[in-house]
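The values are calculated or read from the model by the stated rules, or taken from the named source; none is laboratory data. All of these numbers come straight from a predicted model, not from anything done at the bench. Positions of Cβ are backbone-derived with ideal geometry, glycine not excepted, and every protein chain shown enters the neighbour counts. Each accessible area value is taken on the protein alone, full model and side chains, heavy atoms only, with ligands, DNA and RNA left out. Shrake-Rupley method; radii C 1.70, N 1.55, O 1.52, S 1.80 Å.
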Amino acid sequence: MKQKRMTIIAVACGVVCAACVAIFMMSVQGEAEAARAEALARYGGEQVEAYVATRDIVARERVDLSAVETKLWVADFLPEKAVRAASDVVGKTATSAIYKGEVITTGRFESERDSIDVPSGTQAVSVPAKAVQAVGGAIRAGMSVDIYSSGDSTTTALAQNVSVLDTSVGNSGSMVSSDNGWVTLAVEPEKVQELIAASNRTTLYFTLPGEPVQSGDADSEKNAGKSEGKGENESSSSASAASSSSSSTSTSSSSSASASSSSSSSKLASGTSASSAVEGGDRR
């Protein structure tokens with residue numbers, strides 16, 4: 001009797017749970033329908049499901065199902081070539097970075113290359129490179145860079161004018177800042193071992209050299225500097241000569257004034273002596 005009662009209670013609980021689940025599902029469906037109706041009323045368009053990224057996906061990464069999810073979008077606002085089927089994204093390799101929350105398009109998987117062209121006499125080697133090490137992520141395939149190895153207290157130049165074959169920038173326009181960033185270089189065979197060892201022991205930095213200064217321009221700048229220096233020297237010499245002339249003139253004027261004063265004093269003394277002689281004669 002007791003067992004029968006427990007069975008009836010269990011069945012009743014099961015029915016109640018099923019009813020609660022059904023009510024919850026109806027509630028969720030009702031909310032979804034309400035949201036859809038609100039969107040249609042606000043934007044005047046139909047909603048469709050599209051795949052978006054749940055996290056940042058770096059270039060050359062193979063996308064798995066955990067990296068994407070479906071969300072409702074107004075069809076009129078959906079990007080062109082938006083992915084709406086899992087088979088169009090799962091298992092594909094991204095050729096450029098995809099950012100969290102971005103609607104995934106098939107363009108992120110186009111132009112995928114299986115190989116790169118390696119110049120004759122060189123070897124292609126990839127080394128880690130964050131944006132800060134690669135001129136802020138400005139390095140692109142086809143550029144030539146200089147490579148430096150930086151340790152705790154020293155920095156060494158490893159190679160110059162090295163061709164860049166590919167980077168993790170891809171088509172996204174910016175190099176990822178995570179450890180997944182990389183640069184593929186065309187390196188002379190004897191430099192490959194040194195470059196790989198340096199990338200493991202130290203941090204590699206890549207610089208973009210500027211345009212070389214033309215020899216004619218450099219000579220012109222030097223001549224211009226010499227002319228300016230010569231002009232300044234001539235001006236200084238002229239000023240010194242003028243100062244010396246003024247000083248000589250002032251000295252001559254002072255000497256003339258002293259001579260005039262002495263002459264006047266002599267004449268005055270002579271006149272006084274003559275007057276004294278006359279007075280002496282009269283007394284006699």
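Working only within region 197-212, note down all residues that are more than 18 Å from Asp152 (Cα to Cα) and of a type outside the set (S, T, N, Q).
Leu208, Pro209, Gly210, Glu211, Pro212
Residue-by-condition table, conditions (1) surrounded by 14 or more Cβ atoms within 10 Å (Cβ to Cβ); (2) acidic (Asp, Glu):
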position: Ser66; (1), (2): no, no
position: Asp76; (1), (2): no, yes
position: Glu80; (1), (2): no, yes
position: Ala86; (1), (2): no, no
position: Arg108; (1), (2): yes, no
position: Ala124; (1), (2): yes, no
position: Val127; (1), (2): yes, no
position: Ser150; (1), (2): yes, no
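From the list Lys100, Lys81, which one is at pLDDT below 90 and touching a strand residue (DSSP E or B) at 6+ places or on another chain (Cβ under 7 Å)?
When all the criteria are applied, what remains is Lys81.
Enumerate the pairs (first residue in region 132-160 and at positive phi; second residue anywhere and open to solvent by less than 40 Å² (accessible area, probe 1.4 Å)) with beta-carbon separation below 6 Å, excluding pairs fewer than 6 apart on the same chain, so at least 6 apart or on different chains.
As it stands, the answer is Gly137/Ala131; Gly137/Met175, since those pairs meet every condition given.
Which one is modelled with the lowest pLDDT, of the residues in region 132-143 that are small (Gly, Ala, Ser) and open to solvent by less than 20 Å² (accessible area, probe 1.4 Å)?
Result: Gly137.
Checking Ile8 against (1) over 30 Å from Trp182 (Cα atoms); (2) at pLDDT below 80; (3) not in a helix (DSSP H, G or I): exactly one of these is not met. Which one?
So Ile8 meets the others, but not (3).
Suppose we keep only residues that are modelled with pLDDT under 90, assigned to a strand (DSSP E or B) and more than 18 Å from Pro119 (Cα to Cα) within region 162-211. Which one would you say is least open to solvent (accessible area, probe 1.4 Å)?
If we take residues in region 162-211 being modelled with pLDDT under 90, assigned to a strand (DSSP E or B) and more than 18 Å from Pro119 (Cα to Cα), then Gly170 is least open to solvent (accessible area, probe 1.4 Å).
With the structure loaded, tell me whether Asp146 is modelled with pLDDT under 90 and of a type in the set (D, E, K, R) or whether it fails that test.
Taking the combined requirement at face value, the residue does not satisfy it.
Filter region 48-59 down to residues that are outside any strand (DSSP E or B) and in contact with a strand residue (DSSP E or B) (Cβ under 6 Å, 6 or more places away or on another chain) and give me whichever is nearest to Phe109 (Cα to Cα).
Filtering first and then ranking leaves Ala59.
Determine which member of the set Gly136, Gly101 is farther than 19 Å from Val192 by Cα and in a loop (DSSP other than H, G, I, E, B).
Gly101
Residues that are basic (Lys, Arg) and modelled with pLDDT of 85 or more: does region 35-43 have at least one?
Taking every residue of region 35-43 in turn, none turns out to be basic (Lys, Arg) and modelled with pLDDT of 85 or more.
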